[in-house]
1. Using a basic spin-label model with each label point 7 Å from the Cα along Cα→Cβ, how many nm lie between A:N263 and B:E165?
2. Within chain A, which complete DSSP H helices have Cα atoms spanning at least 24 Å along the helix axis and a mean Kyte-Doolittle hydropathy of 0.5 or higher?
3. For B:Q194 and B:V29, compute 0.36 nm times the residue count separating them, minus their Cα-Cα distance, and round to one decimal in nm.
4. So, R0 is 45 Å and r is the distance between the beta-carbons of B:A137 and B:L205; what FRET efficiency does that work out to, to 0.05?
5. Work out, step by step, the length gained on full extension between A:T33 and A:S200: first 0.36 nm times the residue separation, then minus their alpha carbon distance; give nm to one decimal.
6. Counting only helical runs of four or more DSSP H residues, what would the 222 nm mean residue ellipticity of chain A come to if each run contributes -39,500 (n - 2.57) and the total is spread over all its residues?
7. What is the spread of the Cα atoms of the stretch A:36-268 along each of their three principal axes, largest first, in whole Å?
8. Enter the buried accessible area of the A/B pair, total of both sides, probe 1.4 Å, in Å² rounded to the nearest 100.
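The values are calculated or read from the model by the stated rules, or taken from the named source; none is laboratory data. Computed from a prediction, not measured in an experiment: that's the story for all the values here. Ideal geometry is used to build each Cβ from the backbone, glycine not excepted, and the neighbour counts take in all protein chains shown. Just the protein is used for accessible areas: all its heavy atoms, side chains included, with ligands, DNA and RNA removed. Shrake-Rupley method; radii C 1.70, N 1.55, O 1.52, S 1.80 Å.
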Amino acid sequence: MEHFGDPSLPAWSLPAGSAERIAIGVEWPERVTRDWAFGDSTGEGVSVCILDSGVERGHPLVGELEGAVAVMKTEDGRLEVNEDAEGDLCGHGTACAGIVRALAPKVGLHSVRVLGAGFKGSGPVLLGGLRWAIEQGFDVINMSLSTTKRQFAELLHELADSAYFRRTVLVASAHNMPVESYPWRFSSVISVGSHEEQDSLAFFYNPAPPVEFFARGVGVEIAWLGGGTIRSSGNSFATPHIAAICALILSKHPNLTPFQLKNVLYLTANNVGGGR
Amino acid sequence: MSDLRAAVAAGALGSEENYRELLQAIVEVARAIFGARASSVFLHDESTDELVFEAVAGEGAGELIGQRFPSSTGVAGWVLVTRQPLVIDELEQDPRFAREAAESTGFVPKGLMAVPLLHEERALGVLEVLDRPQQAAFSLKEMELLGLFANEAAIALDLLQRAREARAVLEEQDGQAAALARLAERLAEAEPEQREAAQRLLEALEAFLGASSGLSLDDSL
């Protein structure tokens, strides 16, 4: 079993007199404000992975990518991760990347393409891509997609938990219909639905999960293929808003665990006390 | 054999048409409620990994049914693979999109709403509503309404697929099952006297088959 933190720290139990050794490296203010959480943050030093349909390189709203790979199934059914030369085949990933860049201009953006090669076999490719992204240790992974196949749920659950313990934050689009789909339903991820306000930094905590947060998802100007933009709506676009806000927070407070980060999101949500 | 029994019992030969009509009714209502220029349902054909026009209301009705395109292209493709609904309020003049849209819808829409058709754990297809009136800004209420239509369309699409599968089962059985289904249909249409006689014949046949397969009254005592 892998120990994800500092190996000198106690992993499975806390011997007498060792509380000092697990002192938390975050100075908590009396009241967590947005200013403390992400005021003046640009997202610098934080890596955000867009697990999607690829990202169009050089789109004015996206800028430079630090890396782009495509996960593909070979003829004999194995999964391969290769440099992605094709960019974005449908526009979805580019749209998500543009939203993250707009809110957190200095994040390091990475693209992992798991969509675009047809519907068939998209489940294993999605799982393989997520596993690869978690292994890379990205700080935030944006997943504006889901699967309804139960056969993938258990494996996705394990991956989501492993990301959670490795300090990789998974931000996933919820369904706005009463549908069983994954991974957004897992409590180890941050799930996102839409609100109708036009403020990109407005977000709300939902006291009645499984959808945990609501972010801007209606009438959003998104990056579109060929360097253009369109106005669009959907939870797919609410999700990168929260992914970007996570990046802003992590840039100022790099030691936060996903548990602590979700707590900061909660405390700074518009309907909780954060407001601005 | 349960598929076969269900197929015969449901009179699968006629039900496919009924489910198609149901699906058509759903897109007609969706188009009317949203005041849209067109509405369509795409079925995901798993064997070829393509999206197929299954029902169309408004613009393109009558011409597009049966047309197919790869499951990874177009807005319908996004929606299918991400299983996330999507609304595009204003499409700027992106020639790539225009061409793609024209190929898949017969005209270039200014805006569209698309939602995946999810039934149990399967993604069966996509429902699209194209060109709502420009003055009506999109809201989450409409997304909810679209979700309700999607639910209905998913059930209809599931029924249609089952009817087709049942028909395929009937056709596969060297004509025997099809002959049985035809017999069931004729029986339903027959005059009461004929039906009574046929019923007695069938009972005799059943008794004969029961006896020849080794079942007898003694066995059940």
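1. Each label point lies 7 Å from its Cα, and together they span 4.9 nm.
2. Answer set is A:235-252.
3. 55.1 nm
4. With R0 = 45 Å, the Cβ-Cβ based efficiency is 0.10.
5. Stretched fully, the A:T33-A:S200 segment lengthens by 58.4 nm.
6. So the calculated ellipticity at 222 nm is -9000 deg cm²/dmol.
7. 51, 38, 34
8. 3200
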